[in-house]
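Quick note: the coordinates plus some simple rules give every number you see, no bench work behind them. What you see is a predicted model; the values in this text were computed from it and never measured. Neighbour counts run over all protein chains shown; Cβ positions are idealised from the backbone, glycine included.
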Amino acid sequence: MVPPQWSRAFLVPAALTVTLAGCTMVDRDGGSTAEGRGGTTSPGVTANRVSLVQKLGDDGPLRSLTVEPDGRWECDDCAGDGVTSTGSLDAEQVQRLHKLLADPRLAQETDQARRYRASCIDALTSSLLTTTGLVTSQDCPGEERPAVAGEILLLLTQATPAEPTR
């Protein structure tokens, strides 16, 4: 159980960190960046891989989606039904996703750059982990989603069982 004094802003990112802690990064030369071969990816993220973790309020299940660089995806409990689904984005969706992930504006949308703090109670919190960093948004009145991350979230939720809103 999480102590009540912990901020909700840290719950989904902390779960995301735990979920991806065992991942290895691979740079473009095929070497692990953990071996010090360089690369610009964030810890636990492979270039052009994107992960989405969602949680509805404090008590909702943790839903996760991982999309590989080739468009294959796996979604754990995305519909809130405990089912793991798999599939693949079509070629156009993969191309669009790669273009969005390469958009330089995404760097300004990370939680760190925006100094993001979750502020809604019982909202759907969506956290995208990209090579640029973590971008969190909530489905609550008055909160704008970052433009590029919002497009990524929309693309992923239209192509998979993940949900953009409650």
Subject >> Anisotropy class of region 77-166 from Cα gyration tensor, a/c 1.5 cut >> reply: oblate
Subject >> Charge dipole (region 51-157, unit charges on Cβ, about Cα centre) - positive-most of Cys78, Leu100, Ser64 >> reply: Leu100
**OP:** For a quick protection proxy, order the peptides 125-137, 47-59 by their average other-Cβ count within 10 Å, most packed first.
**Re:** 125-137, 47-59
Subject >> Whole-angstrom gap from region 52-89 to region 98-115, using each part's C-alpha centre >> reply: 21 Å
Original post:
Does region 44-103 come out rounded, prolate or oblate, given a ≥ b ≥ c as the square roots of the eigenvalues of its C-alpha gyration tensor, rounded meaning a/c under 1.5 and, failing that, prolate meaning a/b above b/c?
Top reply: prolate
